[in-house]
Amino acid sequence: MIECPNVIRVLFWLIILSISCVSLSRAQAMTFVGGGKVSINNKTIHKPKEILSVISQKTTTESLGAFKAYRAHRTFSTIFAFTGGFIIGYSVTESVINRNIDIGPAVIGAGVLVISKIFDGASNSALKRVVSIYNTGKPSSIYVEPVVEINHNVASVGLRLKL
């Protein structure tokens, strides 16, 4: 016959093991929402400082590097968006006040806004990489680190760029 204390002990450890497995499965998973926002446990975070405080819990050099790229691209995107919007607004205001339509500054402003969207896309890509590193602990396989190699010998010097 099975002794009762051993069965209780085994059941106790099985319950503890199952509770720990459930708690590990409910760990904070970060998802990319879009537009520079991430979501953790149904809470949307859009400020870079808040995102940094969350990822600092699982800090790796790759995640910090990806976060710095995200923050730099987001800053450039904001600067170019503000500048382009200002140029377009100034152009429209001048044409309303002077009753003379000058499309040149508006086109320049639109070009600056396009540059802003390019940086915005790069910012979102970097944030997706931050999310991937946070969730898996390693960089996503989509991102490939660019490599620059300089090969030289007695007769020649070569430069190789691998993207």
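Of note:
- Taking first residues from the stretch 85-99 that are within 17 Å of Val114 (Cα to Cα) and in contact (Cβ under 8 Å) with a residue 24 or more places away in the chain and partners that are open to solvent by less than 80 Å² (accessible area, probe 1.4 Å) and in a helix (DSSP H, G or I), the Cβ contacts under 6 Å between residues at least 6 apart in sequence or on separate chains come to Ile87/Pro105; Ile87/Gly109; Ile88/Ala106; Ile88/Gly109.
- Count of the stretch 45-67 residues which are open to solvent by 80 Å² or more (accessible area, probe 1.4 Å) and free of Cβ contacts under 8 Å to residues at least 60 places away in the same chain: 5
- Given (1) open to solvent by less than 60 Å² (accessible area, probe 1.4 Å); (2) at pLDDT 65 or above; (3) more than 26 Å from Thr75 (Cβ to Cβ), index of the condition Asn153 fails: (1)
- Boolean, Leu113 is modelled with pLDDT under 90 and either open to solvent by 60 Å² or more (accessible area, probe 1.4 Å) or among the hydrophobic types (A, V, I, L, M, F, W, C) (or both): no
- If you go through the stretch 84-106 and pick out every residue that is assigned to a helix (DSSP H, G or I) and either surrounded by 12 or more Cβ atoms within 10 Å (Cβ to Cβ) or among the charged types (D, E, K, R) (or both), you end up with 13.
The values are calculated or read from the model by the stated rules, or taken from the named source; none is laboratory data. Everything quoted here is computed from the prediction, not taken from an experiment. FYI the Cβ positions are ideal-geometry reconstructions off the backbone, even for glycines, and counts take in every protein chain you see. The protein model used for the area step is the full one, side chains on, heavy atoms only, and it has no ligands, DNA or RNA in it. Shrake-Rupley method; radii C 1.70, N 1.55, O 1.52, S 1.80 Å.
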